[in-house]
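These notes are about the structure you will find just below.
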């Protein structure tokens, strides 16, 4: 299984939140688990740590993601993001650009998106987990 952690989940993991840490360890210890990171999440985490001058936390973060796969973006991702953005806005369901780009990363890599903000991703046909609510993690797919 592939996992992409949203910014909020990764932030809580770095802070040592016990529920998130426990779920992360459970998933990490499964030999078939692969962790991905989105450039958007990397940007959001890194900018905050740099703003706060949290060099120790930044080093901890870099160690954590050292072996994770970078999802990157290609031209098709941008097309998909634009299409999803338009579709959502036509039906009155706006979405922040950062959340939309993270969702596109998860969709392209068929990854479970781990987030505490599941309502942000409603209607995007994503596999979602909330490590704040469940132990051990169980995947669920929201309604479209």
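The values are calculated or read from the model by the stated rules, or taken from the named source; none is laboratory data. Keep in mind it's a predicted model, so treat the numbers as computed, not measured. FYI the Cβ positions are ideal-geometry reconstructions off the backbone, even for glycines, and counts take in every protein chain you see.
Filtering segment 25-45 to residues that are in contact with a helix residue (DSSP H, G or I) (Cβ under 9 Å, 6 or more places away or on another chain) and surrounded by 14 or more Cβ atoms within 10 Å (Cβ to Cβ) leaves 33, 35, 36, 37, 38, 39, 40, 41, 42, 44, 45. May I ask you to list the residues in segment 5-46 that are part of a loop (DSSP other than H, G, I, E, B) and more than 16 Å from residue 128 (Cα to Cα)? Passing the criteria: 16, 17, 29, 30, 31, 32. The residue pairs whose first member lies in segment 6-21 and is without any contact (Cβ under 8 Å) to a residue 24 or more places away in the chain, whose second member is part of a helix (DSSP H, G or I), and whose beta carbons are closer than 7 Å, counting only pairs six or more residues apart or on different chains, are 21/13. With the condition kept exactly as written, say whether any residue in segment 9-20 is under 18 Å from residue 126 (Cβ atoms) and modelled with pLDDT of 95 or more. Checking segment 9-20: at least one residue is under 18 Å from residue 126 (Cβ atoms) and modelled with pLDDT of 95 or more. Say whether the condition of being modelled with pLDDT of 90 or more, surrounded by 16 or more Cβ atoms within 10 Å (Cβ to Cβ) and assigned to a loop (DSSP other than H, G, I, E, B) is met by at least one residue in segment 74-94. Among the residues of segment 74-94, not one is modelled with pLDDT of 90 or more, surrounded by 16 or more Cβ atoms within 10 Å (Cβ to Cβ) and assigned to a loop (DSSP other than H, G, I, E, B), which makes the answer no. Considering (1) modelled with pLDDT of 90 or more; (2) within 19 Å of residue 25 (Cα to Cα); (3) assigned to a loop (DSSP other than H, G, I, E, B); (4) out of contact with any strand residue (DSSP E or B) (no Cβ under 9 Å at 6 or more places or on another chain), the lone condition that residue 131 does not fulfil carries the number (4). Of 28, 75, all but one fail to be touching a strand residue (DSSP E or B) at 6+ places or on another chain (Cβ under 8 Å) and either without any contact (Cβ under 8 Å) to a residue 24 or more places away in the chain or more than 22 Å from residue 109 (Cβ to Cβ) (or both); the exception is 28. Among the residues of segment 47-64, at least one is surrounded by 16 or more Cβ atoms within 10 Å (Cβ to Cβ), within 16 Å of the chain's Cα centre (by Cα), in contact (Cβ under 8 Å) with a residue 40 or more places away in the chain and not in a loop (DSSP other than H, G, I, E, B). Mind checking which residues of segment 102-125 are at pLDDT 95 or above, at negative phi and surrounded by fewer than 21 Cβ atoms within 10 Å (Cβ to Cβ)? Correct list: 107, 108, 109.
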